[in-house]
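The values are calculated or read from the model by the stated rules, or taken from the named source; none is laboratory data. Values in this document were obtained by computation on a predicted structure and should not be read as measured data. Cβ atoms come from the backbone with ideal geometry, glycine included; neighbour counts cover every protein chain shown.
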Amino acid sequence: MRNMVRCFFAVGSLLLFGSLAMAQATLPHYEGFDYANLAILGDQPGWTALNSGDTIFVYTGSLTYPGYVASTGNKIAFDGAGKDLVMTFDSIATGSIYYSFLMRVTALGGLDATGGYIAGFYQSSTSTATGAPVWTRMNGTSFDVGISARITANTQSWSSGYTVGDTYLIVVAYTFVAGDTNDVAKVWINPDASTFGGTEPAPTATGVNTVADLTSTVRFMLRQDASTKTPFVELDELRLGTSWAAVVPSGGSSYVETMNNAVPQSLQLAQNFPNPFNPSTTIEFAVASTQLVTVKVHDMLGREVATLVDHTLNPGLYRTKWNAMDNPSGLYFYTVRAGNETLTRRMALVK
């Protein structure tokens, strides 16, 4: 009995406090910027500033895109001449590594016709060798979006004519190809909703490397370049993963983040946090064996109001979020089901 209690406490501690202790993101990773208004992003778990200058702040509100999975948390906003921020994740050196986000350019500011890059991958925990940077440049009163395999070659492939004030779904991939000077970077801008949660479609633009390939990808970075290289931009719904479906989930499906690959002895469900909450909260759970897992929310009358998870999951610790922006205040019940086992807890939405 004592060993069982100790195991339960260890798993529960990881569930309750794992989000605060994570120094390295486990893929797939979801960042909804669920922090307080005007919070400094570089002070949040998993983020590190590389230099000095204006910081990146969190602001109230979310970006949304038709047919896409519902946004949670808030958004970030930045422009030129500020801090670059990085997030470290599991090292990837084969296949493809993806990132995606919602982006809205709110003003061109001093952005010029050459432009600069705002996001990409770094090769290691110490190197800033960059892969798959996504670029923006001024095009009259609109802007272009570009991709390159590396920044050292400085040859971008561009897609033109995007409107200031509109929200775009940006998806980027870096693919390791056998040999050298031949890795490939791709960008998709507003991919068709029929591909959400599916397989990778044809890209909007492609860049093929002509210099030394990256040996790996270990960090994702956000870059505030010079004021002539960076527009005023808002970003939201950042995802990192090794498949298209991991970073472009279906709006009709759920999203779950792997926290840890530890193998618990039984199904576990932690108390949501924060609780009470308004409007979003985090739910963490543990799965002991590979099987179909669902996490659903019901109101006091037993009516299902949300399906947060509906996936076949391997043993491990997981986290999902519920954004109750469109739901009234009150008590709700959330239930995790794995096979024939179910666990339920109560939470309070207070607006």
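Yes or no: SER194 polar (S, T, N, Q) and either surrounded by 14 or more Cβ atoms within 10 Å (Cβ to Cβ) or assigned to a loop (DSSP other than H, G, I, E, B) (or both)?
No; evaluated as a whole, the condition is false for this residue.
What pairs come up if the first residue lies in segment 17-31 and is over 17 Å from ALA49 (Cα atoms) and modelled with pLDDT under 55, the second is part of a strand (DSSP E or B) and polar (S, T, N, Q), and their beta carbons are under 8 Å apart, counting only those six or more places apart or on different chains?
From segment 17-31, the pairs are GLY18/ASN260; SER19/THR282.
Quick check on this structure: which one of GLY115, GLY165, GLY95 is touching a Lys or Arg at 6+ places or on another chain (Cβ under 6 Å) and at positive phi?
Only one candidate qualifies: GLY115.
State yes or no: is THR320 touching a Leu at 6+ places or on another chain (Cβ under 7 Å), closer than 21 Å to GLY197 by Cβ, in contact (Cβ under 8 Å) with a residue 40 or more places away in the chain and hydroxyl-bearing (Ser, Thr, Tyr)?
yes
Residues checked against (1) within 30 Å of SER243 (Cβ to Cβ); (2) modelled with pLDDT of 95 or more; (3) not assigned by TED's automatic domain parsing to the domain that holds SER243:
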position: PHE57; (1), (2), (3): no, yes, no
position: VAL69; (1), (2), (3): yes, no, no
position: LYS83; (1), (2), (3): no, no, no
position: THR88; (1), (2), (3): yes, yes, no
position: THR94; (1), (2), (3): yes, yes, no
position: PHE101; (1), (2), (3): yes, yes, no
position: ASP112; (1), (2), (3): no, yes, no
position: ALA119; (1), (2), (3): yes, yes, no
position: ILE151; (1), (2), (3): yes, no, no
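For the list (1) under 24 Å from TYR65 (Cβ atoms); (2) surrounded by fewer than 18 Cβ atoms within 10 Å (Cβ to Cβ); (3) more than 20 Å from the chain's Cα centre (by Cα); (4) not polar (S, T, N, Q), I need the number of the one condition that ALA226 fails.
Of everything listed in (1) under 24 Å from TYR65 (Cβ atoms); (2) surrounded by fewer than 18 Cβ atoms within 10 Å (Cβ to Cβ); (3) more than 20 Å from the chain's Cα centre (by Cα); (4) not polar (S, T, N, Q), ALA226 misses just condition (1).
Looking only at strands (runs of 3 or more DSSP E) that lie completely in segment 104-191, which have at least 2 residues being β-branched (Val, Ile, Thr) and either in contact (Cβ under 8 Å) with a residue 60 or more places away in the chain or within 20 Å of ASP84 (Cβ to Cβ) (or both)?
Fully inside segment 104-191 and qualifying: 130-139, 142-147, 167-175.
Going by what's in this entry, would LEU63 be described as modelled with pLDDT of 90 or more, assigned to a loop (DSSP other than H, G, I, E, B), surrounded by 14 or more Cβ atoms within 10 Å (Cβ to Cβ) and touching a strand residue (DSSP E or B) at 6+ places or on another chain (Cβ under 8 Å)?
Answer is yes for this residue.
Here's the yes/no breakdown for (1) under 21 Å from the mean Cα position of the chain (by Cα); (2) within 30 Å of ASP183 (Cα to Cα):
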| residue | (1), (2) |
| --- | --- |
| ARG219 | yes, yes |
| GLN271 | no, no |
| VAL293 | no, no |
| HIS298 | no, no |
| LEU301 | no, no |
| THR307 | yes, no |
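Residues that are surrounded by fewer than 16 Cβ atoms within 10 Å (Cβ to Cβ), in contact (Cβ under 8 Å) with a residue 40 or more places away in the chain and not assigned by TED's automatic domain parsing to the domain that holds VAL134: list the strands (runs of 3 or more DSSP E) wholly contained in segment 231-310 that include at least 1 such residues.
Output list reads 291-298.
Taking into account only those residues within segment 135-149 that are closer than 24 Å to LEU214 by Cβ and either surrounded by fewer than 24 Cβ atoms within 10 Å (Cβ to Cβ) or not assigned by TED's automatic domain parsing to the domain that holds GLN224 (or both), which is nearest to the chain's Cα centre (by Cα)?
Filtering segment 135-149 for residues that are closer than 24 Å to LEU214 by Cβ and either surrounded by fewer than 24 Cβ atoms within 10 Å (Cβ to Cβ) or not assigned by TED's automatic domain parsing to the domain that holds GLN224 (or both), the one nearest to the chain's Cα centre (by Cα) comes out as GLY146.
Taking segment 32-55 on its own, how many of its residues are part of a strand (DSSP E or B) and at pLDDT 90 or above?
So the count comes out to 4.
Among residues belonging to segment 197-230 that are of a type in the set (A, V, I, L, M) and in a strand (DSSP E or B), point out the one that is nearest to GLN123 (Cα to Cα).
Out of the qualifying residues, it is VAL218.
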